[in-house]
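Read the structure below first, then the notes.
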Amino acid sequence: MHNQGPSMRSPFTLSAIFAALAVCSGATHANLLVNGSFEALDASAAPYYVRSFASTPGWTQYADGVDLIHNNYEQPSLPVLVDASDGVQFLDMNQGGAIGGLFQVVGASAGIAYTLQLDITAWATNSVPGSVGYQLYDPVSNAVLAQGSLTDAVADNSWATVSLTATALSGSIGVNIYGISAHQAGMGVDNVVLSAVPEPGNWALLLAGAGLLQLQLRRQRR
């Protein structure tokens, strides 16, 4: 009877550990942005793109030149040379020689770090490279917390994943994405994710849960 004790308790113990790990992992990696992959509006009807200031639900567009592009889109003599990195649609940030810009503000906790990750590519090849900039900023003071950019020239059906991390100064944090110059390689953006960085306490809980899980599995094998 003594040897059966751990095995009899293991279903509850293991399920509790898995639940704790799932809660911690999900809470720290959930995307805080709305419509981060730009699938909320269907652009599949010909001509497979939408250009308007309302084409990206959840986002606020402040500069012309943002197109919502479906994988089937083709310009005369200029087909889309990449597919979306997530889903079937992505954003073009410099349509028709005009640069685009849009932002989104979400709730945050002051003093907590947040990571922004997004995919960028040149979806059309022109003679001049194109660039996309991205920022984390504080909507209260309008201070830029972190920023970066990526330049690409050749559409090769591959996406580059970039990221940056910054600590929130107030109860909200903003994401800003923008084209840097016009008359350049068509620059695409997709799969934009903003997530909170796990606090030390969460990491400790995750490690403790993993240790308990390993111990329980050893007991089961014995």
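A short reminder: the numbers here are calculations on the coordinates, not readings from a lab. Given the structure is predicted, the values throughout are model-derived calculations rather than measurements. Cβ placement follows ideal geometry from the backbone for every residue including glycine, while neighbour counts extend to all protein chains displayed.
Ratio of Rg to Rh for the range 28-200, alpha carbon only, Kirkwood?
Numbers: Rg = 15.6 Å, Rh = 16.1 Å.
Ratio value, two decimals: 0.97.
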Where labels lie 7 Å past Cα in the beta-carbon direction, separation of S109 and Q214 in nm: 2.7
Taking r as the C-beta separation of H29 and S172 and R0 as 22 Å, the FRET efficiency to the nearest 0.05 is 0.65
Using Cα-Cα distances under 8 Å and only pairs 6 or more residues apart, what relative contact order does the range 106-174 have, in percent? 51
Residues F90, F38, F53 in order from fewest to most other beta-carbon atoms within 10 Å are F53, F38, F90
Going by how many other Cβ atoms sit within 10 Å of their own, how do T125, T60 line up, fewest first? T60, T125
